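Enquirer: Quick one: the structure is below, and I'll ask about it shortly.
Laboratory data are not the source of any read-out in this text; all were calculated from the coordinates shown. Values in this document were obtained by computation on a predicted structure and should not be read as measured data. All Cβ positions, glycine included, derive from the backbone under ideal geometry; neighbour counts span all protein chains shown.
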Amino acid sequence: MGNLFGKSNSKSKVSRVTDQDKAVLLLKQQRDKLKQYQKRIELQLEKDREIAKKCLAAGRKERAKTLLRKKKYQEKLLTNADAQIETIEKLASDIEFAQVEAQVVSGLKVGNEALKKVNEILSIEEVEQILDETRESIEKQQEIDALLNGVLTEEDEEEVLAELEELVAGEEDGKENIDERLPDVPEHEPEHERKRKEKDSERSGKKVALEA
């Protein structure tokens with residue numbers, strides 16, 4: 001039983017790391033190694049230059065020349081490393097962009113499928129009718145706004161807003177008044193109901209006496 005559950009749990013954990021993610025990670029690791037290599041070379045260049053100066057001061061010209069030739073070679077290595085880093089970074093960027101592009105394409109596919117389902121539900125005539133009705137409503141509203149903008153003054157607009165606030169306040173007061181006007185639930189039994197129960201009780205008592 002335990003092994004079965006263990007297997008089911010391991011299967012349920014699906015890795016979200018894709019092959020493209022692994023490739024990008026590997027490229028970035030190589031780039032970082034090249035940058036570390038560049039730093040070591042740069043430090044060595046400074047050392048070789050200082051040693052070459054000391055050799056010249058000591059009269060060891062050939063040794064200084066050899067160190068400078070070594071330094072020149074390492075500078076070329078640095079240039080090559082720069083080119084390799086640039087290539088690696090471009091390749092990693094291309095892979096990452098391809099992943100984003102694939103996600104966009106997938107999203108477009110989902111959108112197209114949703115649009116197809118909507119088109120299946122609504123016919124072309126229904127869609128055109130909805131669009132026409134919406135367009136007509138917008139045009140009418142725009143016409144009304146244009147007419148009112150040419151007639152109403154700023155003072156009129158202020159009065160309109162004041163009246164609107166008054167209506168809103170009136171609705172709230174109306175709700176409160178309705179609650180106040182609702183009748184209270186009676187706590188005592190109605191008089192006619194009480195008398196009817198007393199008569200029924202007297203009749204049942206007489207009936208019991210006659211039977212006895």
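Enquirer: Spin-label point model (7 Å from Cα, Cβ direction): what's the THR18 to VAL160 distance in nm?
Expert: For THR18 paired with VAL160, the spin-label model returns 5.4 nm.
Enquirer: Now for a different question. At a threshold of 8 angstrom on Cα-Cα distance, excluding pairs fewer than six apart, so keeping six or more, what relative contact order does the range 31-107 reach in percent?
Expert: Values: 32 pairs, mean separation 26.9, N = 77.
Rounded, it is 35 percent for the range 31-107.
Enquirer: May I pose another question? What is the packing order of peptides 153-159, 64-70, taking the mean over residues of other C-beta atoms within 10 Å and listing the highest first?
Expert: On the way: 153-159: 9.9, 64-70: 15.9.
Ranking, from highest mean packing down: 64-70, 153-159.
Enquirer: Round to the nearest 0.05 the FRET efficiency obtained for LYS47 and ASP94 when R0 = 41 Å and r is the Cβ-Cβ distance. Don't jump to the answer; show the numbers that get you there.
Expert: Working: r = 38 Å, r/R0 = 0.93.
So the FRET efficiency works out to roughly 0.60.
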